[in-house]
Amino acid sequence: MDYMTDMARMCAEARAGAAALQAAGEEGRTRALKAMAQAIRAASADILAANAREVEAARQKGADKAFADRLTLDEERLNAVADGVATIAEQDDPVGVEKRRWTRPNGLEIAEVSIPLGVIGVIFESRPNVAADAAALCVRAGNGVILRGGSEAAGTTQEIVKAVRTGLAEAGLPEGTVQTPPDAGRGWVTALLALDEGGADLVIPRGGKPLIAHVREHAKVPVLSHLDGICHVYVDARADARKAIDIVLDSKMRRTGVCNAAETLLIDRACASDLLPRLARALEEKGCELRGDEAARSIVPSMNAASEEDWDTEYLDAILSVRVVDGADAAMDHIARHGSGHTEVIVTEDETTAQRMISGIDAAVIMHNASSAFSDGGEFGYGGEIGIATGRLHARGPVGAAQLTTNKYVVHGEGQIRG
C-alpha cells in the first residue's frame, strides 16, 4: 500500500471540503452539523454494535478497567456525543470574526479577522467519541479533517465517520471533508506526519506519552498536543470542609480514567489533622487507594507509602497520592516540580490566597473551589473538545472550534503608498 500517495489524496479531498465549507458560510456549516448529529443518532445501533465487539475484544486481551472505560460507548454516552455535535451547531461561528480594528496615522484601516486553519490531522487512541467531537469542531471552524483512530477502536471510528459523512452529504457538502484511513495501520500516521507539502496544516495527537513523543519527533508539520494530566487538588487551611470533600471526591472518582482526574491531593498542614481523616474515609469508601507521604500516613495509617515516582504518575485509576504541605507556597512549589500544566484545583475561602495561587501556578486551567472534572470543552460551553492543550502555541486549554482558526489581516486604504 502506498501510504504517502493515499494520504496525499485524502488531504487534497479534505482541503477541497474545507473550501466548500467556507463557501457554504455560517448557515451551511450549521446545517451540516445538525445533519451530522441526526445521522449519528440514526446510526446508533451500528456504532454501538461495533463498539461492543471492540470492548469485548479488549477485555479478552486483558485491558484494564480504565482502558475499557475510555473505549466504551453506551447509549447514554453516544447520545451525549450526538448532543455535543448539536450543541456545536448552535454555537457562534468562529470564521470571519473581526477580532479588532484600528486606523494608522497614515489613514490605513487594519482589521484582524479569523479564518480556518485548513486541514487538521487528529491522531487518537482509545476514545472513539473523539472522532465525532473532532469532526464537528473542524466543520464548525471551516476545516477539513483527517481522523486516524487507534486499532482498538477502529470499527467504532469507521461507523462514526460513516455517519458524519452521511450528514455532510445530506447537507449538500462533500463527504471528503472528513476522512479516515481504511485501517489503523501505522503507515497512515507516518504518512500524515511526513507529508509537509499538500498535507495537514496542523496535527493534534490525543493519547499517551508514547504517541505524543512519536508525533513530536517525526512531524514535519505543526503539532498541538497535551502531555500527562497530572492534576492536583490543594486544600488550604481556609477551605470549607464540605466543599473540600465534595471537590476532592468528584475530581478523583467521577471518572478515574480521564485526563482531568486528580492524581495528587495536597493538604495544608494547618488543617490536615482534622480534615485529612474525613477526606481519606470518603475516598476509601469509594474504593480509592491512597498513597501518602510520611506526614499523611502519621494521620491516616491505613495509607500505603508514596514513592517519589508517585508524584509524577498519571494513574488513570482509583489511586491518589497525598502530601501534607506547609501552606500555599509549598503547594505551588510541589506543582511547579511535578505538575504537567493541565489542570490545578485550589480549595480555599481566602481570596488573597486564591489569587496568589492563580497568578503563581503555570497551568492551562486553574479551578478555584470547583472540581477538576469541569476542565472540559463541553463544560466550557464548546460542545466538545479535541483535547486539552498544555503547551503555549497555538492554543492552550480546551481546544474547541475557535481554537481551530488562525488570523488574516485586511487592510483598507485610499491610495496610500509607502514611497
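Bear in mind that the values in this text are calculations on the coordinates, not laboratory data. The structure presented is a predicted model; accordingly, all values stated were derived computationally and were not measured. Cβ coordinates were reconstructed from backbone atoms using ideal geometry, including for glycine residues, and neighbour counts include every protein chain displayed.
What the table shows:
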quantity	calculated
More than 22 angstrom apart: percent of Cα pairs within the range 122-281	54
Peptides ranked, highest mean first, by Cβ atoms within 10 Å: ranges 133-145, 61-73	133-145, 61-73
Amide H partners (placed H, <5 Å) of THR406, local residues excluded	ILE115, LEU117
Derived scalar couplings ³J(HN,Hα) [the range 13-20; Karplus, 6.51 cos²θ - 1.76 cosθ + 1.60; whole Hz; x for Gly, Pro]	5, 5, 5, 5, x, 4, 4, 5
Footprinting exposure proxy for ARG418, ARG31, ARG323 (fewest neighbouring C-beta atoms within 10 Å first)	ARG418, ARG31, ARG323
Charge context of ARG59, other residues only, Cβ under 14 angstrom, K/R +1, D/E -1	-1
Per-pair calculated FRET efficiency, R0 = 56 Å: LYS209 and GLU109 via Cβ, rounded to 0.05	0.70
Spin-label model distance (nm) - GLU349 vs ASP246, 7 Å beyond Cα toward Cβ	1.4
Residues whose placed amide H lies under 5 Å from that of ASN369, excluding near-sequence neighbours	ILE346, VAL347, THR348
Cross-link reach list, lysines versus LYS65, counting only Cα pairs under 27 Å and skipping chain neighbours closer than eight places	LYS209, LYS252, LYS286
Label point distance in nm, ARG53-VAL97, each placed 7 Å from Cα along Cα→Cβ	4.1
Relative contact order of the chain, defined on C-alpha pairs under 8 angstrom at six or more residues apart (%)	19
Derived scalar couplings ³J(HN,Hα) [the range 140-154; Karplus, 6.51 cos²θ - 1.76 cosθ + 1.60; whole Hz; x for Gly, Pro]	4, 8, x, 9, x, 8, 10, 10, 10, x, x, 5, 5, 10, 4
Within the range 172-253, trypsin sites (Lys or Arg not before Pro) in DSSP loop having at most 14 other beta-carbon neighbours inside 10 Å	LYS220
Per-residue ³J(HN,Hα) for the range 197-207, Karplus 6.51 cos²θ - 1.76 cosθ + 1.60, θ = phi - 60°, Hz, x for Gly and Pro	10, x, x, 6, 8, 7, 10, 10, x, 9, x
Segments 227-235, 15-23, 380-388 sorted - mean Cβ within 10 Å per residue, highest first	227-235, 380-388, 15-23
Highest average packing first - 54-60, 42-48, Cβ atoms within 10 Å	42-48, 54-60
Long-range HN-HN contacts of ALA389 with modeled amide H, under 5 Å	GLY397, VAL399
Whether the range 303-374 is rounded, prolate or oblate, judged on the alpha carbon gyration tensor where a/c under 1.5 counts as rounded	prolate
Value of Rg to Rh for the range 3-225 (Rh from inverse mean 1/r over Cα pairs, i.e. Kirkwood)	1.01
Cα gyration tensor, the range 231-374 - rounded (a/c under 1.5), prolate or oblate	rounded
Simple label model, 7 Å out from Cα along Cβ direction - GLN60 to GLU170, nm	3.3
